Structure formats: structure tokens, C-alpha cells
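Here the structure is laid out as C-alpha cells; the discussion comes afterwards.
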Amino acid sequence: MTLTRLTRKGLTACGIGILSFAAGSLFTARWMHIDQVRADSNRVFELRIYHTVPGKAGALQAEFRDKVSKLFARHDLQAIGYWAPADAPVSDNTFVYILAHPSRDAAKQHWAAFQADPEFKEMIKSQQGDAKVVEKVDSTYMDPTDFSPLK
């Protein structure tokens, strides 16, 4: 009987210890998340809309899939996602993506490094004359709202 009573007390103490540890971990994790959000307060997003030569949206998507996304990763340009419009007429000549930057200054630095990359320069050079793919690029920097789930 004494051994059973000691075993129960031991298990009870162990259970209390585990519950205390779990509760403390959850409480600490919540604080850490708050600090992380505060640290990211300068984060900005960049919406980029590419208007292609009619019929070249697919070629631009292939270029992003095969080359540009790799260059972005090399130069710390974090792509959130890429989109192709579903409806005509814009589906024929539009490509959209969003980048996340730690700050506006970081965005400038990352873009400068990207544009100085010899592989990017070669890619741009190959798109001259009849091989032209992009007609115009619209870029908009955006700050997340206080109620945005993505910050």
C-alpha cells in the first residue's frame, strides 16, 4: 500500500510539473510572438504588376518559374506569391506578384543587388527588339493595416 501511495504521489507531482512546464511554455511563446510582431513593424510589401506584350504572359511566367525566382532568393527578395489573372482580356498580358521586405531601405538594397546581378543583366539584354516580353511594370509599396493577418 505504501508503495502504491508513493507511486501515486510521484505521478501526481510529475503531472503537475509537466502541466506547469506546458503552461509556462505557452505563456512565454505568446510573449515572444508579440516581440516578433514589434520587430517586424517596418516590414513592407510590394505589389508588382507586369503588363506584357500581348500573348507573352505565359513566357514571363516561365521566366519567373525558371530563373527570376532563383535570383530573388539569391538577393533576399522574398516572394509571397505569384498570380495570373483568370479572366480576359488581362489574362493575356498580365502577371502579378507580391514581395515582402524587412523595410523600405532593405527593399532598395535588395533591388540594387538584384539589378546588378550579371545573370539578370543578361536576361534583360536577351529581351530586346522582337524578343521583348514586358511593356510596363507597376510597383506599389504597401504597409499592412493594424487588422491585417499578414504583417
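Tabulated data
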quantity	calculated
Filtered residues of the range 127-143 (kept if surrounded by 11 or more Cβ atoms within 10 Å (Cβ to Cβ) and assigned to a loop (DSSP other than H, G, I, E, B))	Gln127, Lys132, Val133, Asp143
Residue within the range 112-121 that is among the aromatic types (Phe, Trp, Tyr) and outside any loop (DSSP other than H, G, I, E, B) present	yes
Near pairs, Cβ below 8 angstrom, 6+ apart or cross-chain, from the range 98-112 (buried (at least 16 other Cβ atoms within 10 Å of the Cβ)) to any residue that is of a type outside the set (Ser, Thr, Tyr) and assigned to a helix (DSSP H, G or I)	Leu99/Phe72; Leu99/Ala107; His101/Ala107; His101/His110
Every pair of residues 6+ apart whose Cβ atoms lie under 7 Å, when the first sits in the range 60-87 and is in the same structural domain as Lys108 (by TED's automatic domain parsing) while the second is assigned to a loop (DSSP other than H, G, I, E, B) and small (Gly, Ala, Ser)	Gln61/Ala84
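The values are calculated or read from the model by the stated rules, or taken from the named source; none is laboratory data. Model, not experiment: these values are computed from the prediction. Quick reminder, even Gly has a Cβ in these numbers, built from the backbone with ideal geometry, and neighbours come from all protein chains shown.
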